[in-house]
Amino acid sequence: MMTEDEQIAYEKFSSPLTSLKLYLRAILAVLGKDITAEMRSRELLSSMFVFALLVILIFNFALELDISTRLTVTAGVLWVTFAFAGTLGLNRSMASEKDRACLDGLLLAPVDRSAIYFGKMLGNLIFMLLVEMIVLPIYSLLYNTNLFSIGFLAVVMLGSIGYVTVGTLLATMAVQTRTRDVMLPILLFPVTIPLLIAAVKGSMGFLQGLEMDAIRPWLNLLVSYDIIFLALALMVFDYLVEE
Amino acid sequence: MVKVHGLVKRFGLKTVLRNIDLTVKQGEFVAILGPNGAGKSTLLRILATLSRPNVGYVEIAGYQLPSQAAYVRQHLGVVTHFPLLYGDLTAEENLRFYGRMYHISHLTERVSDVLQLVGLYSRRRDLVRTYSRGMQQRLAIGRAILHDPSVILFDEPYTGLDQEACDMLDSLLLNVATQGHTIIMTSHDLWRVAELASRFEILTNGKIVASAEKKDLPATYLLDFYRQAIQEI
C-alpha cells in the first residue's frame, strides 16, 4: 500500500503536463552534461574534425577534378567524410558512458529512458553539425565549389539528423559488445544506405541546380527516414539498454 | 519497504537466482553475503531496476517492478564499485546533473549539503578524474543520497579502497544508516558488514540459504555461521 505522500508523488508524476516538463528537463540535463564534458575534454570534436579534414585533403590530392566532375563527386566525398567522422563521434559518445558504468547511473534516474536517448542524440547531432560547419567552408575553398545554398544545407541537416538518430541507437547496442569499435560501422552502414543514397542524390541535385521535382523524392525519403527512426528509437531504446 | 517473492533470473540456460524470497522492513540494514558468483550483484541489479527478473514479484516502496520502475527509481539510491560519475565534470557539476535527472527542487542548497556531508565541499570545483578512489566513492554515496531515497542499495562498495578510505566509508555509511534509510548491501567482507548491518542473509549458488538477526548472532560467530551456511549447499 502507498502512503499519502507517495500517492501525491505518484499523481504528481502522472500528470501529463508535469511529465512532459520533467521529460524535457531530463533531455536538456543529458545534453548539457555532454556539452560541458566535451568542451572540457574536446576528445570527440577534435578526433571527428581531424579525421574529416584528413579525408577531404586526401580526396583533394587523389582526385584532380575539372569543374563539371567536381560538382558530381562533391556530394559523395562530403557524405563519406560526414559518415566516417560521425561514426567516430557516435562510438566515443556512448563509450564514455559505458567505460565508467555511467550508463547505469543514467538508467537509475526516474525518467523515461527515451529522454536519455534524445539527450544523447541531440548532443551527437550538435557535435556532427559543428564538424560539418567547419568542414564545409574548408571543402569550399579546397575544391573551389560554392556549397552555401539553403537547399544543400537543408539536405545536410536532414541527413545528419537521420544519421545520428540511427547511429545513437545502434551505438547503444554496439557499446555493450566486446568488439564495439568495429561493431558500430558493421551495424550502422547497412542500415543507413537508404539515408546516404538520398543525402548524396539530394545534395548533388542542389549543387547541379536541378529542378525541385527531381530532388523532391530524395528529400521525401530523408524526411520519412528521420521520422521512422525517431519513432523506432522512442519505442525500442528502453529494451536496448536493459539486460 | 522491499518485498521479493519467488524471484528467478536466468542468463540463457544458466539460472543465476533461484526462487529468492526477501523482505526488508523500513530502516533495516540488511547485508547480503556470499562468495563470488553467488548472484548478489544480479539480485541488486534487479532491485535497482537495471535488470528484469524472469519470474517473481518485486515491490519497493509500494511500487511493483518492472511496471512501476520509474516510481521505484525515485525512491532508490544505488552505490556500486563503479562511482557512476563523469570524470570530466566537477563534483558539483556531477551532483547538479544527477539532481536535474531526479527533479530535485532547491538543487543548489541540496548539492552543497550533500558535498559537506561527504566531506568534499572544499574540492567541489575539482574534476572528478583528479579524485582518489576513496573520494570518488564518497562522492558516489553523495550521488546516491542526493534525492533522499528511502532505500539505498550498496553493491560491494569497498572494492578497490584502501584501509583509510574503507574506514571513512564506514563512518559515512553509519551516518546514512542512522537517518532512517533502508539499506541493502552486498559484500564478501564479513568483518566490515558485521559492524554495520542489522540482519545478514547468506546467498550462495543463487539461493538464500541462511538468515540471522545481528542481535541473535554476535560478530565473532558470523564467520562460523557464514561457513556453515555455505557448506550446507
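The values are calculated or read from the model by the stated rules, or taken from the named source; none is laboratory data. Bear in mind the structure is a predicted one, so any value in this text is a computation, not a measurement. Methodologically, a virtual Cβ is constructed for each residue, glycine included, from the backbone with ideal geometry; neighbour enumeration extends over all protein chains shown. Keep in mind that these areas ignore ligands, DNA and RNA; they rest on the heavy atoms of the full protein, side chains included. Shrake-Rupley method; radii C 1.70, N 1.55, O 1.52, S 1.80 Å.
Of the conditions (1) open to solvent by 30 Å² or more (accessible area, probe 1.4 Å); (2) not assigned by TED's automatic domain parsing to the domain that holds B:ASN36, B:GLY134 fails just one. Which one is it?
(1)
Check off (1) within 11 Å of chain A (Cβ to nearest Cβ); (2) open to solvent by less than 10 Å² (accessible area, probe 1.4 Å); (3) at pLDDT below 95 for B:ASN94 and give me the number that stays unchecked.
The one condition B:ASN94 does not meet is (3).
Within segment A:225-243, can you find the residues that are touching a helix residue (DSSP H, G or I) at 6+ places or on another chain (Cβ under 6 Å) and part of a loop (DSSP other than H, G, I, E, B)?
none
Kindly check whether there is at least one residue in segment A:196-207 that is among the small types (Gly, Ala, Ser), assigned to a helix (DSSP H, G or I), within 17 Å of the chain's Cα centre (by Cα) and buried (at least 23 other Cβ atoms within 10 Å of the Cβ).
Checked against the condition, which is being among the small types (Gly, Ala, Ser), assigned to a helix (DSSP H, G or I), within 17 Å of the chain's Cα centre (by Cα) and buried (at least 23 other Cβ atoms within 10 Å of the Cβ), segment A:196-207 yields at least one hit.
When you check A:THR165 against the structure, is it buried (at least 21 other Cβ atoms within 10 Å of the Cβ) and among the hydroxyl-bearing types (Ser, Thr, Tyr), yes or no?
Yes, satisfied.
Restricting to segment A:212-229, and then to whatever is crowded, with 19+ Cβ neighbours inside 10 Å and hydrophobic (A, V, I, L, M, F, W, C), can you tell me which residue is nearest to A:ASP112 (Cα to Cα)?
The extreme case among them is A:PHE229.
Does A:LEU103 count as assigned to a helix (DSSP H, G or I) and either away from chain B (no Cβ under 14 Å) or in contact with a His (Cβ under 8 Å, 6 or more places away or on another chain) (or both)?
no
Does A:VAL191 satisfy being open to solvent by 10 Å² or more (accessible area, probe 1.4 Å) and over 23 Å from A:SER68 (Cβ atoms)?
Judged against the criteria, A:VAL191 is a match.
Just the residues that are outside any strand (DSSP E or B), open to solvent by 40 Å² or more (accessible area, probe 1.4 Å) and modelled with pLDDT of 90 or more, please, taken from segment B:1-51.
B:LYS25, B:SER41, B:ARG45
Looking for something buried (at least 22 other Cβ atoms within 10 Å of the Cβ), more than 9 Å from every other protein chain (Cβ to nearest Cβ) and among the aliphatic types (A, V, I, L, M) - is there at least one such residue anywhere in segment B:66-76?
no
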